[in-house]
Amino acid sequence: MPPSSTNAFEVLRDEHSSTEDTQQNDDDVKIARARGDNIRAADELPMPDDGVKVTRKKKKKKKQSKDKADDEEQVAELVDRIESAIPAAPTNQCALPKCQVKTGVLGVVCEFCKRKFCMAHRHPESHSSRCAELKQSAERVTHRRDASLIIEANKRDPGVANRVGGIQKERQDAKRRLQERIERATLDRKAKDKGKK
């Protein structure tokens, strides 16, 4: 006599629940191993009645280079997940997450992160600490370059820094001198190449 439909469903439900339990136990063991816990499944534990001497295997140390590559991959994957989780702001809206100001007419693109911000958040200090650090380092480089340029200009012509437009003229002269130097080096190199052939 074929089983009734309720019995068949009960049997299927029982089988399904038992497979879920074993899958859950397997998942728990995998998670515990990933955390480094010393949990073993029941079938892995040695039985004291066996009389068999159980020897533990020593764990081999993983290679450093493999770990570093795995870490870099994990970090890259994590960054991708974080960036994809943050919804992109519409192109005509400030890139700061909580700001809803439209930037269609007046919007400024940050030179460091390349995102578009409203006038209130246009400065790197106001929208990102990372952009603020990059701006500070860029300003330091510019300041050092300008300071050395002014010092050299004052050595050649004292008082050039105090003249109106003196620094801008000195910058242009420095660019011109650099271009001349590059052209001379290029011509010398070409002359040497022709002489070798």
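Observations, loosely collected:
- Checked against (1) modelled with pLDDT under 85; (2) surrounded by 12 or more Cβ atoms within 10 Å (Cβ to Cβ); (3) among the polar types (S, T, N, Q), N162 passes all but condition (2).
- Residue in the stretch 44-59 that is of a type in the set (S, T, Y) and modelled with pLDDT under 60 present: yes
Matching residues to (1) touching a helix residue (DSSP H, G or I) at 6+ places or on another chain (Cβ under 6 Å); (2) at pLDDT 90 or above:
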site	(1), (2)
I150	yes, no
Q168	no, no
E183	no, yes
R189	no, no
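- Restricting L149, L134, L178, L187 to those that are assigned to a helix (DSSP H, G or I), surrounded by 10 or more Cβ atoms within 10 Å (Cβ to Cβ) and in contact with a Lys or Arg (Cβ under 8 Å, 6 or more places away or on another chain) reduces the list to L149.
- Matching residues, the stretch 100-131, being touching a helix residue (DSSP H, G or I) at 6+ places or on another chain (Cβ under 6 Å) and either closer than 20 Å to I82 by Cα or modelled with pLDDT under 90 (or both): L106, F112, C113, H127, C131
The values are calculated or read from the model by the stated rules, or taken from the named source; none is laboratory data. Fair warning: this is a prediction, and the values are worked out from it, not measured in the lab. With ideal geometry, Cβ positions are generated from the backbone for all residues, glycine too; neighbour counts draw on all protein chains shown.
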